[in-house]
Number of protein chains: 2
Amino acid sequence: MDASTYHHGNLRSALLEHAAAEIEESGVEKLSLRQVAKRAGVSHAAFAHHFGSAQGLLTGLAAEGFTMFGKALSDARNHDYSQGTDLLETSGLAYIQFALDYPQLFSLMFSSKLPDFSDPTLDGASMKVFQAFIADVHGRNVLEVDGPGGVDIVAMANWAKVHGLATLLLTGRMRSVLSLDATQQTGAIRQILANGGS
Amino acid sequence: MDASTYHHGNLRSALLEHAAAEIEESGVEKLSLRQVAKRAGVSHAAFAHHFGSAQGLLTGLAAEGFTMFGKALSDARNHDYSQGTDLLETSGLAYIQFALDYPQLFSLMFSSKLPDFSDPTLDGASMKVFQAFIADVHGRNVLEVDGPGGVDIVAMANWAKVHGLATLLLTGRMRSVLSLDATQQTGAIRQILANGGS
DNA sequence: GCGCTCATCTTGCCAGTGTCAAGATTATTT
DNA sequence: AAATAATCTTGACACTGGCAAGATGAGCGC
């Protein structure tokens, strides 16, 4: 906070914040550490101590993203639960809404190979979210259908559909849906999620 | 082909080939133009005339990828059609198989933002594949369900499920499925595709 | 208060990147 | 054979991330 001091105080979180902003502006692919450093008013090598390398920064950013993602999902769940809305539909919509709200962050979390996904913090944060989402599926579908090796078929099918819809919308495919206005678009997404397909 | 000549002859396709190989080895994110040039036995600036910029190369590569993708899908369709296998299941499995066979290329085509997707060649190649896949959905589901704005709900739901499953498998999520051996894995994928979810 | 230790941040450098301009070389056309 | 166009090379540029060495100040025992 205090820019006049030699020691920044909370450089780590400040860098994460600026990096998140930079990413959301220009995309993950053209992120420059030096640019982020300049933005934070700090030298280009100040990263080293906090993140080690560029991968470290992106790992931290992705972990923070999953925390936000989890919060967004649980917020939606808690808000709609009282109103008796369908749990799975609520979660799916929140999942997709998060992707559309933070497109670059979402693609860092799910499409990029730059973060170190074996990092315990990142791995823990992501697993927590996935398990919560799958629990939502079970909250709706009482029946659990086990496939080979005990794979939860229903949960995986729903996860795949929601996630696929999110990424296809995000990457500009599905033009028939994207060309609709906001309310129609939500309606279409709702119907796609409700439709079993296959 | 003739390495002794000053003019390469078919540098464009040679560069595409080497770039594809490099990508499949080291990933899209760390692709280096100079490395590809060295591999092709050519100077680092030989790209310019054929692709303009790095984006041009990746655009061409993605377009080639969609052509391959389309061929893989139609091969599977033609092969299984005679055997009376389910059309949608066949297409879905081929879709996922392609993603697993060419993981880096697939992620360039669907997850990267580096190629210029508004390029007519690339756009045309991708649209052709998507339309063929959606036609497969209709070949199976005679009924077309229109949502708001005339969105084909059934087709989009199936596309989302197949694509989501492909990307989640590719990025190492869905560990319960990935830990299975080959045959069990195919069986699980088949069941997930068959399950409507929702 | 003092002095020590260590985390934090800066400066300066390095090899490597993609792009551009200018020129060399060869194909193609006239 | 000469002129023109396509193709490829060389050399430079600004930029990148990472590393080493040193400057700065916070925290802590005394």
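What does the charge add up to near B:E89, with Lys and Arg as +1, Asp and Glu as -1, over the other residues with Cβ less than 14 Å from its Cβ? Could you put the intermediate results ahead of the total?
Working: positive: B:R77, B:R140, B:K161, B:R190; negative: B:D80, B:D86, B:D136.
Neighbour charge sum, excluding B:E89 itself: +1.
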Tell me whether the protein assembly as shown comes out rounded, prolate or oblate; compute the Cα gyration tensor, take square roots of the eigenvalues as a ≥ b ≥ c, and use a/c under 1.5 as the rounded threshold.
oblate
Whether segment B:64-198 is rounded, prolate or oblate, judged on the alpha carbon gyration tensor where a/c under 1.5 counts as rounded
rounded
Whole-Å distance, taken between Cα centres, linking segment A:1-73 and segment A:83-159
26
What shape does segment B:130-198 take by its C-alpha gyration tensor, where a ≥ b ≥ c are the square roots of the eigenvalues and a/c under 1.5 counts as rounded, a/b above b/c as prolate, and the rest as oblate?
prolate
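Readers should treat all values here as calculations from the given coordinates under stated rules, not as data from a laboratory. Owing to the predicted nature of the structure, the values given are computational and were not obtained by experimental measurement. Please note: Cβ atoms are built from the backbone with ideal geometry, for glycine as well, and neighbour counts cover all protein chains shown.
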